[in-house]
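The values are calculated or read from the model by the stated rules, or taken from the named source; none is laboratory data. Keep in mind that what you see is a predicted model, and the values were worked out from it rather than measured. Note that we place each Cβ from the backbone using ideal geometry, even for glycine, and neighbour counts take in every protein chain shown. What goes into the accessible areas is simple: the full protein's heavy atoms, side chains included, and nothing from ligands, DNA or RNA. Shrake-Rupley method; radii C 1.70, N 1.55, O 1.52, S 1.80 Å.
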Amino acid sequence: MTDNDSMSKPKPVILTCAQPTGLLTLGNYLGAVRNWSEMLENNECYFGIVDMHAITTPIKPSVLRNNVFQCVAQYVACGLDPEKCNQFVQSHVIGHSELAWILTCLTPIGELQRMTQFKDKVSKLGFKTAENESDLKFSHEGARSQSTISAGLLCYPVLMAADILLYNADLVPVGEDQKQHLELCRDLAQRFNHQYSETFKIPEPYLPKTGARIMSLTEPTKKMSKSDENQRSTLFLLDEPDLIKKKISSSVTDSGSEITAIPEKPGISNLLTIHSALSNQSLSDLEDRFAGKGYGALKNEVTEIISESLAPVRSKYKELINQKDYLSKILAEGAQSAQKRAYKILSKVYRKVGFPDRDRF
Ligand code: AMP
Ligand code: TRP
């Protein structure tokens, strides 16, 4: 490709978003964020911190505000260079909820009620409606005094579709659990194009080649998750070496003593996967190297490699989290670029659906 070609050919637009729900886990890092940082060179990247999604379940305002800063500081610490991508807060860009409303009017309620994540959340929270004012107040812990299912929780996948279509994204990196929502987004884009004429690109899911799936340290057949009630199950990106040591040494291993990555040994496989993802050594090389050694040797080395690999992320984060002005600047610049792109697409959509042109009045 000549320089001219690369100048004239627009880069693919990649968009992904995450809820500002607190600290990232080792699973988020190895399965998602670390891979995003490898896409910055060859793509135009947008990373949304979706605070409007975060209020679909109760969250205390001060917690939400703080989480947004934690989120951007973690992203930058993990290698999302703000010079090479746009990081923005969803509520800073006008268009997400506007487009979501238009798409809501194209979405049959039944499609939303069938979404797996909605059904899971409803069964977890229990179906209750707020019957009086006090049900909607926050307790000190940040949760509402009674759990309620809001219409927002039902409509959440439409807002997600709007997040994607507002930027006419080509590729959307998502985990397994979000594939059904992306499918809805593709259907809505097609429905809109069919009803009003060609407007949206149909976005494709993007599955990184190197995404490792990290399992719980106490129940290694289950995915490592930030919301796990057992504190020992989840390694957080910012855990200090002492805590990493405690969690890895108490991690569940399997019967026998052989160090092999096989389905019958989910605990050992998980430790080997973590090692391999951080050290770039293949699973079979690690199996060879640990042949004849005990589980203790593997745990020691895994502890060491996690502590060492995450040390730069930890120290960068500590430096950044106190620089609120710098973090705000990243988000302001990110929102400005995002808004520019979003505005063009939203204007086109408004025209297509027949909203009168404001400039004519
Ligand atoms: P979540 O924390 O569920 O909102 O997920 C954010 C991103 O991290 C998604 O792309 C997930 O697929 C990825 N992710 C979350 N947990 C893990 C895990 N245990 N292993 C690998 N990837 C994960
Ligand atoms: N629903 C996603 C999650 O909970 C977050 C999300 C919101 C998202 N909007 C998006 C992901 C757009 C990708 C693209 O993980």
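Across the stretch 227-256, which residue is nearest to ligand 2 (Cβ to nearest atom) among those that are in a loop (DSSP other than H, G, I, E, B) and open to solvent by 80 Å² or more (accessible area, probe 1.4 Å)?
Of all residues in the stretch 227-256, those in a loop (DSSP other than H, G, I, E, B) come to 227-235, 237-240, 250-256.
Cutting the leftovers down to open to solvent by 80 Å² or more (accessible area, probe 1.4 Å) gives us 227, 229, 231-232, 240, 255.
Working: S227: 12, E229: 19, Q231: 22, R232: 24, E240: 27, S255: 35 Å.
My answer is S227.
Name the residues in the stretch 144-183 that are out of contact with any helix residue (DSSP H, G or I) (no Cβ under 6 Å at 6 or more places or on another chain) and within 12 Å of ligand 1 (Cβ to nearest atom), would you?
Once the filter is applied, which keeps residues that are out of contact with any helix residue (DSSP H, G or I) (no Cβ under 6 Å at 6 or more places or on another chain) and within 12 Å of ligand 1 (Cβ to nearest atom), the stretch 144-183 yields P173, G175, E176, D177, Q178, K179, L182.
Residue by residue through the stretch 185-203, note down the ones that are surrounded by 13 or more Cβ atoms within 10 Å (Cβ to Cβ), over 23 Å from the mean Cα position of the chain (by Cα) and part of a helix (DSSP H, G or I).
Selection gives R191, F192, N193, Y196.
Taking E98, is it open to solvent by 10 Å² or more (accessible area, probe 1.4 Å), outside any strand (DSSP E or B) and under 20 Å from Y167 (Cβ atoms)? Before the answer, list the steps.
On the way: open to solvent by 10 Å² or more (accessible area, probe 1.4 Å): yes; outside any strand (DSSP E or B): yes; under 20 Å from Y167 (Cβ atoms): yes.
For E98, the condition - open to solvent by 10 Å² or more (accessible area, probe 1.4 Å), outside any strand (DSSP E or B) and under 20 Å from Y167 (Cβ atoms) - is met.
Matching residues to (1) open to solvent by less than 30 Å² (accessible area, probe 1.4 Å); (2) touching a strand residue (DSSP E or B) at 6+ places or on another chain (Cβ under 7 Å); (3) closer than 23 Å to A277 by Cα; (4) not aliphatic (A, V, I, L, M):
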{"position": "L30", "(1), (2), (3), (4)": "yes, no, yes, no"}
{"position": "S37", "(1), (2), (3), (4)": "no, no, yes, yes"}
{"position": "E41", "(1), (2), (3), (4)": "no, no, yes, yes"}
{"position": "G48", "(1), (2), (3), (4)": "yes, yes, no, yes"}
{"position": "P61", "(1), (2), (3), (4)": "no, no, no, yes"}
{"position": "R65", "(1), (2), (3), (4)": "no, no, no, yes"}
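Against the definition (under 28 Å from F236 (Cα atoms), part of a helix (DSSP H, G or I) and either modelled with pLDDT of 95 or more or within 15 Å of ligand 1 (Cβ to nearest atom) (or both)), how does Y75 come out, yes or no? Don't jump to the end; show me each part of the working.
Numbers: under 28 Å from F236 (Cα atoms): yes; part of a helix (DSSP H, G or I): yes; either modelled with pLDDT of 95 or more or within 15 Å of ligand 1 (Cβ to nearest atom) (or both): yes.
Yes; evaluated as a whole, the condition is true for this residue.
Tell me which residues, restricted to the stretch 46-65, are among the hydrophobic types (A, V, I, L, M, F, W, C), closer than 18 Å to S150 by Cα, within 11 Å of ligand 2 (Cβ to nearest atom) and not in a helix (DSSP H, G or I).
V50
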